[in-house]
Amino acid sequence: MEGMRVEFESDYAVVTGFSQYQAFKTAFEKRTGREVSRHAVFGYDAARFLLNALSPGFDTRQEMLRRMRIVYVGLRSPIDVSEGQSNRGLNIMTVSRARSHG
């Protein structure tokens with residue numbers, strides 16, 4: 001395939017021994033009856049990040065944006081949009097091939 005390009009996110013290992021992770025895992029499994037997946041942890045981190053930005057005390061869009069520029073250290077990986085719209089704490093891998101042989 002000519003010009004093939006694939007981009008994907010590289011996982012980080014969740015440190016399952018942290019008390020915050022254990023509390024999330026217990027509550028998640030009790031509420032859903034399912035084991036915690038990496039997607040559930042990522043969703044939890046994203047929700048906490050946004051809830052922090054929207055927490056009481058902000059009254060302007062600028063204040064919300066300022067709060068979003070603070071690096072949030074989540075269960076799975078940091079969320080760091082301090083320098084733009086991309087999460088600097090997310091590892092994006094790119095594999096490309098100019099042309100295939102075969």
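The values are calculated or read from the model by the stated rules, or taken from the named source; none is laboratory data. Just so it is clear, the structure is predicted and the values come from calculations on it, not from any experiment. Because the Cβ atoms are built from the backbone with ideal geometry, glycine has one as well, and the counts that use them run over all protein chains shown.
A few notes on this one:
- Candidate set: the stretch 35-53, residues that are part of a loop (DSSP other than H, G, I, E, B) and free of Cβ contacts under 8 Å to residues at least 12 places away in the same chain; chosen: the one nearest to the chain's Cα centre (by Cα): S37
- For the stretch 55-71, a residue qualifies if it is surrounded by 12 or more Cβ atoms within 10 Å (Cβ to Cβ) and out of contact with any helix residue (DSSP H, G or I) (no Cβ under 6 Å at 6 or more places or on another chain), and the qualifying residues are E63, L65, R66, R69, I70, V71.
- Restricted to the stretch 72-92, and to residues there that are modelled with pLDDT of 70 or more and part of a strand (DSSP E or B), the residue that is surrounded by the most Cβ atoms within 10 Å (Cβ to Cβ) is I79.
- Selection count, the stretch 1-37, where residues are charged (D, E, K, R) and at pLDDT 85 or above: 6
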